[in-house]
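Take a look at the structure set out below.
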Amino acid sequence: MTDFTPISALVGGGFLGLAALILLKFNGRIAGISGVIGGVLQPTGDKDWRWLFLIGIMLGPLLATPFTERVDITLDASWALIISAGFLVGIGSSLGSGCTSGHGICGIGRLSPRSLVATLIFMVIAALVVFVMTHWLGA
Amino acid sequence: MKLVTALIAGLLFGFGLSISQMVNPQKVLNFLDISGNFDPSLGLVMVGALLVFGSGYHLLIKPKSQPLLAAEYCLPSAKAIDKPLVVGAIIFGLGWGLVGICPGPALANVLSGEIKILGFIAAMLIGMKISGRLTRLLT
């Protein structure tokens with residue numbers, strides 16, 4: 001059980017939007033995390049900014065420690081489930097040209113019909129998975 | 001300079017994920033668990049992000065002009081709602097719903113000490129690598 005945290009959700013979300021706006025206004029790039037990672041995996045291309053953006057995401061939570069309650073992340077799911085989920089997220093975001101950030105924030109923010117459709121699809125599918133896992137399988 | 005803005009954007013992104021608690025997979029799963037322990041926080045994260053990015057995009061970004069530090073805006077050109085988009089979004093939703101982790105929060109949790117995150121990321125990278133073949137099958 002987690003509590004509804006409207007203020008921190010809105011403020012935190014605002015920072016996500018600001019980050020995406022900065023990357024677009026200065027670098028001309030979309031802050032789609034899966035897309036940025038995908039670019040690093042390519043044999044050629046402009047990789048330096050990608051690495052710095054990704055390293056920033058890894059270090060960013062350290063800056064937040066004075067402002068937010070530290071929640072120790074523990075994953076109860078089995079290794080098999082974690083690996084399967086990671087694999088599906090990798091294939092799906094690459095095939096579908098985006099994830100929650102690229103489609104859900106940047107795409108919808110630009111009023112892209114493709115991103116709106118993709119976001120609706122993955123949210124409904126993910127909700128169905130959670131429904132089946134928690135209410136039928138009792139996970 | 002381009003690298004500095006990329007790092008700043010990444011740091012703000014990781015900061016926002018942490019402040020909004022989206023680094024906690026349980027918050028994500030509870031958003032998706034509409035009929036159970038529903039926690040609407042993720043919805044407000046999107047509202048906050050879209051308010052900042054959407055309004056900033058429409059006020060500050062003119063796609064035909066130049067970004068401040070690059071030659072041009074790299075914006076997605078695809079318009080069609082095609083098979084790879086739909087199938088990709090479905091696969092992404094399946095993986096996201098299994099454990100509540102998508103690419104951004106996975107990276108933001110690299111330093112959390114939870115070793116399973118690294119397994120998730122490794123599997124995700126493999127999924128991204130092999131998705132090219134699947135894309136060719138669908139087009």
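Considering B:L111, B:L94, B:L107, the condition of being open to solvent by 60 Å² or more (accessible area, probe 1.4 Å), under 15 Å from B:V28 (Cβ atoms) and aliphatic (A, V, I, L, M) is satisfied by B:L94 alone.
Can you spot a residue in region A:56-70 that is crowded, with 18+ Cβ neighbours inside 10 Å and more than 25 Å from B:S20 (Cα to Cα)? No, the conditions are met nowhere in region A:56-70.
For B:Q21, the conditions (1) open to solvent by less than 40 Å² (accessible area, probe 1.4 Å); (2) free of Cβ contacts under 8 Å to residues at least 40 places away in the same chain all hold with the exception of (1).
Of the residues B:L12, B:L68, the single one that is within 7 Å of chain A (Cβ to nearest Cβ) and buried (at least 16 other Cβ atoms within 10 Å of the Cβ) is B:L12. Among the criteria (1) surrounded by fewer than 24 Cβ atoms within 10 Å (Cβ to Cβ); (2) closer than 15 Å to B:C102 by Cα; (3) at pLDDT 95 or above, the one A:L75 does not fulfil is (3). Applying a threshold of 9 Å to beta carbon distances and a minimum spacing of six or more residues, or different chains, the list of pairs starting in region A:1-23 at a residue that is farther than 17 Å from A:A64 by Cβ and acidic (D, E) and ending at one that is assigned to a helix (DSSP H, G or I) and open to solvent by less than 20 Å² (accessible area, probe 1.4 Å) reads A:D3/B:S41. Of all residues in region A:31-68, those satisfying the criterion of being of a type in the set (F, W, Y) and touching a Leu at 6+ places or on another chain (Cβ under 8 Å) are A:W49, A:F53. Counting residues in region B:31-54 that are of a type in the set (G, A, S), open to solvent by less than 40 Å² (accessible area, probe 1.4 Å), more than 28 Å from A:P66 (Cα to Cα) and at pLDDT 95 or above gives one or more.
If the requirement is being at the interface with chain A (Cβ under 7 Å from one of its Cβ atoms), surrounded by fewer than 17 Cβ atoms within 10 Å (Cβ to Cβ), out of contact with any Ser or Thr (no Cβ under 7 Å at 6 or more places or on another chain) and not in a helix (DSSP H, G or I), which of these qualifies: B:I101, B:I81, B:I126? Give the steps one after another, and end with the answer.
Working: B:I101 fails: surrounded by fewer than 17 Cβ atoms within 10 Å (Cβ to Cβ); B:I126 fails: not in a helix (DSSP H, G or I).
The match here is B:I81.
The values are calculated or read from the model by the stated rules, or taken from the named source; none is laboratory data. These numbers come from a predicted model, not from an experiment. We place every Cβ from the backbone using ideal geometry, glycine too, and count neighbours over all the protein chains shown. Each accessible area value is taken on the protein alone, full model and side chains, heavy atoms only, with ligands, DNA and RNA left out. Shrake-Rupley method; radii C 1.70, N 1.55, O 1.52, S 1.80 Å.
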